[in-house]
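Below is one structure, written out as structure tokens; comments come after it.
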Amino acid sequence: MRAILKTPMGAIAAALLTLLAATAVVAPTVWGAAAETMDTSQMLTLPSAKHWIGTDQLGRDLLARTIVATRLALVLALAATAVGVVVGMVLGVAPSLLGRRLGGLITAVVNIAVAFPGLLLALFFAAVFGVGQVGAVLAIGLAGAPGFARLVQTLVAGVTRRDFIAAARIAGQPKWLVSIRHVLPNIAEPIVVNATMGAGSALLAFAGLSFIGLGVQPPAYDWGRLMNENLERVYLNPLAALVPGLAVVVAGLAFNLAGEAIAAAFRLDTTRPRALSRSKAQARQAGAPASSPQPDADRLRDAPTDEDVLQVRGLEITFPGGGSPVRGVDLRVGRGEALGVVGESGAGKSLTGLAIAQLIESPGEVRGSVVFMGQDLTDGRDHRRLLGTSLALVFQDPNSTFNPVRRMGWQLAEVALTHQGLARRAAFSRAVDRLGAVRIPAPRQRAHQYPHEFSGGMRQRAMIGMGLMAQPTLIIADEPTTALDMTVQRQVLDLIDAIRERDDVALLLISHDVTVVSERCDRVAVMYAGKVVEELATRDLGQARHPYTRLLVAAVPDLRTDLTAPLAVIPGHQPDPPEVPPGCAFAPRCPLADARCRADEPTLGSDGVACWHPGEPFPVPQEGVE
């Protein structure tokens, strides 16, 4: 509000709206008698000292009637705006809550309605609901609803792709609750701005309907009705029609200026730097947690067992017109075991993790078997409670991990509120405890802060803390250190290792960094073009047999790399899912490819490698060398 009032436009808008509101409140009491008193001796008089803009055919003072009409005009305009906003928000959110077919039908209806002019829709609905105040409110409100619905659909589509929405779904919240708690608060700013401007448009539309006889009916009156009654005398007494028209213009201008001022204030607020107090700045300086021991590679098992926390068999993900970005993936992770999934961007690593967490939405389709804690997640049953308590998902972008309009403590507390049946106070205390468990300093103070007040590393640790609100048996970490510097990266990875060692938690670490995986994981699955092409113990990466794995390892520089020699590279690029060639997908880039490789696709055998020439030597391509 202070930001709005500091601008000339905001100050003018606030003054006009205050004047309108005050007039609407006091006018019927102060000028009501003059507006209703009939004097047959003063019928249709011209402006005078007694009647500043004249009188009507019953001798009533037109200026008093114009002032008194302020209340009804504003009430009806705000009511119509409320109808438009509510209906528009319902139609805008519905496609994300309903199935593909019904949601697509609603979207199509909104798109068709938006194509028609608002005035035409208002006249149509006015004919349907009939003349009068109620019919006009519904007509104008429903005529404005498609525009709000289109806006909400666009905003919702942008917000639902954020990681904090996926985190809320993993926590087990139903779609309607996610919309109320997480989606709608994040689209409130443009909705408020457009609703404020919409109120001005509704006021103008209402005056128009009343002017043509479809709005307010006698004996009630608003500004449009007053213009209609005095239009025939416009040449004899122009003020009788112009003053109500001026009132409509001033009120509409007030709402539109207010909308512009609010929009400017929101933009200013989102770009203004926020200064931290000394205590907050000191609280950000968290010490690095101690390193946990390197996982013991002897814990590897050669075959799936009933102790596997996760078993993925034949996982395939398809999208209409987009091919299959994941094609027949098999994975297994045992209790306390760490499995790394590596590969270039586009290999299908993140989609595999999302499919395990049941976060692939329509039109994407998931086939295959995903058995987690002994339950098949693809059997069509509701597994929200299982996923919300036994699975922790750490996303790769700490900036979009949390809902920016909710305090951190309550975002963590949602897990305890949803699944553990704790009261609000106990759930918040549990959240404070978990923030402390992931080594965030001053956890009680931090729990009352917003995500933007956390550093990137602290947000990532808080995301891990959210997963620890229950007792997870599996952590899926999808590029958890992408946006972090090396020091914070080590802190986050050390924290994950410490949690694994303490609670015997399984880890699925998705990364493009072979070095990180080799240091933190027991086994590694190498993905290329949606398939696992090799699986081996991390201690054996130096003796990898698949050409792609060997090239990935060779492309990582170390302290022994000759600084005078060109860097090792993998020529070419990974194929897009719809353009995966026949045979081995890596054949166009492979130095060992032959006719068989280009014709027949190898499968992942008992030796853990999908290649027709495993282990055969070849020269490593170098930068700048064809």
Reported set for region 135-175 where residues are more than 14 Å from the chain's Cα centre (by Cα) and hydroxyl-bearing (Ser, Thr, Tyr) is none
Picking from Ala167, Ala195, the residue that is in contact (Cβ under 8 Å) with a residue 40 or more places away in the chain and touching a strand residue (DSSP E or B) at 6+ places or on another chain (Cβ under 9 Å) would be Ala167
Note on region 437-454: residues at positive phi and buried (at least 18 other Cβ atoms within 10 Å of the Cβ) are Arg439
Scanning region 28-60 for residues that are in contact with a strand residue (DSSP E or B) (Cβ under 6 Å, 6 or more places away or on another chain) and not polar (S, T, N, Q), the one farthest from Val243 (Cα to Cα) turns out to be Ala34
Just one listed residue, out of Leu359, Leu386, Leu354, is assigned by TED's automatic domain parsing to the domain that holds Arg500, out of contact with any Leu (no Cβ under 6 Å at 6 or more places or on another chain), in a loop (DSSP other than H, G, I, E, B) and among the aliphatic types (A, V, I, L, M), and it is Leu359
Residues of region 378-412 being closer than 24 Å to Ser511 by Cα, hydrophobic (A, V, I, L, M, F, W, C) and either surrounded by fewer than 23 Cβ atoms within 10 Å (Cβ to Cβ) or out of contact with any Gly (no Cβ under 6 Å at 6 or more places or on another chain) (or both), in sequence order, are Leu387, Leu391, Leu393, Val394, Phe395, Phe402
Whether any residue in region 176-191 is assigned to a helix (DSSP H, G or I), closer than 18 Å to Val83 by Cβ, of a type in the set (A, V, I, L, M) and under 21 Å from the mean Cα position of the chain (by Cα) is what I want to check. yes
When every residue in region 516-570 that is surrounded by 14 or more Cβ atoms within 10 Å (Cβ to Cβ) and hydroxyl-bearing (Ser, Thr, Tyr) is compared, the one farthest from Ala593 (Cα to Cα) is Ser518
With the first residue restricted to region 599-615 and required to be closer than 15 Å to Ala544 by Cβ and modelled with pLDDT under 90, and the second required to be β-branched (Val, Ile, Thr) and crowded, with 19+ Cβ neighbours inside 10 Å, Cβ contacts under 7 Å at 6 or more apart or on different chains are Leu604/Val532
From the option list Leu331, Leu315, Leu359, Leu339, single residue qualifying as closer than 25 Å to Gly99 by Cα and either of a type in the set (Ser, Thr, Tyr) or modelled with pLDDT of 90 or more (or both) is Leu315
Inside region 419-436, the number of residues satisfying the requirement of being in contact (Cβ under 8 Å) with a residue 24 or more places away in the chain and either closer than 20 Å to Glu453 by Cα or surrounded by 22 or more Cβ atoms within 10 Å (Cβ to Cβ) (or both) is 3
Over region 479-495, the set of residues surrounded by fewer than 24 Cβ atoms within 10 Å (Cβ to Cβ) and under 21 Å from the mean Cα position of the chain (by Cα) is Glu479, Thr482, Ala483
**Request:** Examine region 491-506 for a residue that is free of Cβ contacts under 8 Å to residues at least 60 places away in the same chain, in a loop (DSSP other than H, G, I, E, B) and not assigned by TED's automatic domain parsing to the domain that holds Ala168, and state whether such a residue exists.
**Result:** no
When region 520-579 is checked residue by residue, the ones that are assigned to a helix (DSSP H, G or I), under 30 Å from Gly321 (Cβ atoms) and without any contact (Cβ under 8 Å) to a residue 60 or more places away in the chain are Tyr548
Does His448 count as free of Cβ contacts under 8 Å to residues at least 60 places away in the same chain, assigned by TED's automatic domain parsing to the domain that holds Leu354 and either in contact with a helix residue (DSSP H, G or I) (Cβ under 7 Å, 6 or more places away or on another chain) or within 21 Å of Leu177 (Cβ to Cβ) (or both)?
-> yes
Of the residues in region 417-470, those that are farther than 19 Å from Ser400 by Cα, among the basic types (Lys, Arg) and not in a loop (DSSP other than H, G, I, E, B) number 5
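The values are calculated or read from the model by the stated rules, or taken from the named source; none is laboratory data. Only a predicted model underlies this, so the values are computations on that prediction, with no experimental measurement involved. Here Cβ is always computed from backbone atoms with ideal geometry, including for glycine, and neighbour counts include all displayed protein chains.
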